[in-house]
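I have placed the structure first, in the form of structure tokens, so that the comments after it can refer back to it.
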Amino acid sequence: MFWILVVICLFLLAFSGVLLFGAPYLPTLKKQQREALDLLSLKPGQLLIELGSGDGRILREAARRGVNSIGYELNPLLVIYSKLACWPQRKLIKIRWRNFWHISTSQADGIYTFLLDRYMTKLDKKIVAEVEKPLNLVSYTFEIPGRKFVKKQNGLFLYHFGVSTKSPE
């Protein structure tokens with residue numbers, strides 16, 4: 001009985017602990033996966049960064065299009081699962097067990113994320129501070145307050161970031 005409780009606690013911690021940094025695990029539906037990648041308009045060889053990559057669905061769809069991708073995920077169970085699920089496409093996909101708030105997004109050509117509303121302003125500031133080349137960001141469900149989206153489609157919000165969006169020194 002003790003071990004069952006330990007396993008349940010670890011499971012709950014893995015899936016609820018991420019709420020302190022981003023969002024709960026919620027798989028992106030197939031239709032939204034395709035639409036999100038269409039909105040990002042990435043070409044083969046470009047780099048997609050997914051902030052909170054969950055089970056790797058977006059990463060696998062991006063790899064089918066020839067897009068390189070890096071997924072950052074805090075839930076260790078989802079990291080293991082997605083590494084296994086993405087194994088056949090491992091040349092195009094990297095999955096990192098990391099807090100994306102502590103990584104650089106500067107090399108990304110596109111970013112996909114599903115973050116809770118309360119983190120969107122922080123994400124905007126992070127991207128503006130790090131942007132080194134024009135990039136597109138697609139957010140599922142939540143808008144970035146104070147930033148005008150370029151397009152809204154089925155719960156997906158497309159934003160453009162560029163070097164000109166950097167704050168003056």
Quiz item: For region 14-105, which fully contained strands (runs of 3 or more DSSP E) count at least 2 residues that are within 15 Å of residue 140 (Cα to Cα) and modelled with pLDDT of 95 or more?
Solution: 47-51
Quiz item: Quick one: would you say residue 99 is under 16 Å from the mean Cα position of the chain (by Cα) and either under 24 Å from residue 34 (Cβ atoms) or hydrophobic (A, V, I, L, M, F, W, C) (or both)?
Solution: no
Quiz item: Is it fair to say residue 133 is out of contact with any Asp or Glu (no Cβ under 9 Å at 6 or more places or on another chain), among the charged types (D, E, K, R) and in contact (Cβ under 8 Å) with a residue 24 or more places away in the chain?
Solution: no
Practice problem: Among residues belonging to region 59-69 that are of a type in the set (A, V, I, L, M, F, W, C) and buried (at least 22 other Cβ atoms within 10 Å of the Cβ), point out the one that is farthest from residue 113 (Cα to Cα). | Solution: 67
Exercise. Please go through region 75-104 and pick out each residue that is surrounded by 18 or more Cβ atoms within 10 Å (Cβ to Cβ), touching a helix residue (DSSP H, G or I) at 6+ places or on another chain (Cβ under 8 Å), under 22 Å from residue 46 (Cα atoms) and of a type outside the set (Gly, Ala, Ser).
Key: 86, 92, 93, 95
Quiz item: Is it the case that region 138-145 has a residue that's under 19 Å from residue 75 (Cβ atoms), crowded, with 19+ Cβ neighbours inside 10 Å and among the hydroxyl-bearing types (Ser, Thr, Tyr)?
Solution: yes
Quiz item: If you check every pair at least six apart or on different chains, which have Cβ atoms under 8 Å apart with a residue in region 147-162 that is within 19 Å of residue 106 (Cα to Cα) and in contact (Cβ under 8 Å) with a residue 60 or more places away in the chain first and a residue that is outside any strand (DSSP E or B) and of a type in the set (A, V, I, L, M, F, W, C) second?
Solution: 158/39; 158/40; 158/149; 158/150
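The values are calculated or read from the model by the stated rules, or taken from the named source; none is laboratory data. These figures come from a predicted structure and were not determined experimentally. Every residue, glycine as well, gets a Cβ built from its backbone with ideal geometry; the counts of neighbours run over all protein chains shown.
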